[in-house]
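Here the structure is laid out as structure tokens; the discussion comes afterwards.
The values are calculated or read from the model by the stated rules, or taken from the named source; none is laboratory data. The model shown is predicted, which means the values in this text are computed figures rather than measured ones. With ideal geometry, Cβ positions are generated from the backbone for all residues, glycine too; neighbour counts draw on all protein chains shown.
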Amino acid sequence: MSWRSIRDHPLRSTLTLLGIVIGVAAVITFVTMGAGLQAAVIGDITPKDEGNVYVWTAPEDQTGGSPWGQAQPVFTRDDARRIAELESVEDAYVYSPLFAQSVSHDGQTRPQQRGVIAAGRSYVDPDTIAVGRPYRDGRFEVVVNRAAAEQFREGLALGDRISISLATGQRINGTVVGILDTAEPQGPLEGLNEEPRVYVPIDPYYTATAAAAGEEPRFAAVVVDAGSAAAVPAAKRDTRAYLASPAADSGDRDEGLRYNLKTSRELISQVRSFVDRFTGFVTGIALVSLLVAALGIANVMLVSVTERTSEIGVMKAVGAQNRDVLQLFLTEAALLGVVGAVLGVTLGLAGGAVATFLLDLPLVYSPGWAAVAVVVGVVVGVLAGLYPAWSAASVDPIEALRYE
């Protein structure tokens, strides 16, 4: 009888269902987008990077934000060499961005205010090099990522010469010896965006710019390679002990600066926290549509009670109890909730697939949310139909039979 009532009023039932369908679909779509964004962030951590510890200095009162917000160049190459000699450390090298203005090739100039990275030879993951090899220390060689190679009309190829224009006015030439198959960052200190990047060896690029300025080369960070995630705690402990010792050249840093030693997962935890908050915010907005859908169901059920007052009187006259009438209308409301939730989950899964495809994110479904959506649909339907069902059950049969 409940299903027949829904079927006999197709337009009204469809409009009522749309509220739940849209609400559930929006929740599933946004949750899928959030899961895909988190997977993209976590996916940037390669097994090789699991064993890395990134060391930089920042003011004592700096909390959150980018590591480069107020990072100070205080480390020397001797610091990295001594850290690499620690028993718990496999390797260590300095790291610092070069403040560039542009990159030129074959008469074409492209802006490059950021994305020129000077680091040790092992910073660039060999597995990400599509063609060529890593750069070598002491040579004017560069490795470019896919975005940097493709920003020129003819693209970049092995052996091409590029010219890097620095903010100091210097121009440094280099030969392309490797091209990456990705535009993703090689480490979390670069950020998470896919953008043109040029990787160069510390010597001669960074040391040459420092020598031209008449300064001792100092670097913004040290990358400590512990070899594996299991060895990271020991590497952190020993590195921190060295930095606190008189042997550390970085010990003459300004007052108020503190050392930060973070792994990739720790560095991106802020991003994950933001993603969680963002997903929760937009999901909360989507849940408002479910509230609207509940009001729609309640309104339709109240109208249905009014339309079927005579029918209720006939049912009671032939022996139907209050609980039978209550069950009839609750079942009708629950059916609207279930059907709407199932359709909403289907639409939401499709919407999540389309959204992640357009945003170039991995598709990650959360089965738990689909189950929650169906349960919420049923609960919304039952709660919305509770008062109308109670109103129907409390109708006086005599008055109902006389109702026109």
Completion exercise
Only one of 371, 353, 333 is of a type in the set (A, V, I, L, M), crowded, with 18+ Cβ neighbours inside 10 Å and either part of a helix (DSSP H, G or I) or outside the structural domain of residue 28 (by TED's automatic domain parsing) (or both), namely 333
Exercise for the section: Take residue 318 and decide whether it is over 20 Å from the mean Cα position of the chain (by Cα) and under 27 Å from residue 16 (Cβ atoms). Expected result: no
Practice task
Taking residue 386 as the residue in question, decide whether it is at pLDDT 80 or above and either more than 27 Å from the chain's Cα centre (by Cα) or surrounded by fewer than 18 Cβ atoms within 10 Å (Cβ to Cβ) (or both).
Solution key: no
Handout entry: Subset of region 272-303 (residues that are among the aromatic types (Phe, Trp, Tyr) and either closer than 19 Å to residue 338 by Cβ or without any contact (Cβ under 8 Å) to a residue 24 or more places away in the chain (or both))
Key = 274, 281
Fill in the blank from the handout: Checked region 283-309 for anything at pLDDT 75 or above and among the polar types (S, T, N, Q); matches are 299
Completion exercise
Scanning region 93-127 for residues that are part of a helix (DSSP H, G or I) and not polar (S, T, N, Q), the one modelled with the lowest pLDDT turns out to be 121
Handout entry: Boolean, residue 363 is in contact (Cβ under 8 Å) with a residue 12 or more places away in the chain and outside any loop (DSSP other than H, G, I, E, B)
Key = no
Problem - Residue count, region 103-134 (criterion: farther than 20 Å from residue 157 by Cβ and surrounded by fewer than 20 Cβ atoms within 10 Å (Cβ to Cβ)) - result: 7
Practice task
Taking residue 381 as meeting all but one of (1) at pLDDT below 80; (2) assigned to a helix (DSSP H, G or I); (3) over 16 Å from residue 24 (Cα atoms), write down the number of the exception.
Solution key: (3)
Problem - Condition met for residue 383 (more than 18 Å from residue 21 (Cα to Cα) and not basic (Lys, Arg)) - result: no
Completion exercise
Of (1) in contact (Cβ under 8 Å) with a residue 60 or more places away in the chain; (2) among the hydroxyl-bearing types (Ser, Thr, Tyr); (3) closer than 23 Å to residue 224 by Cα, residue 104 fails just (3)
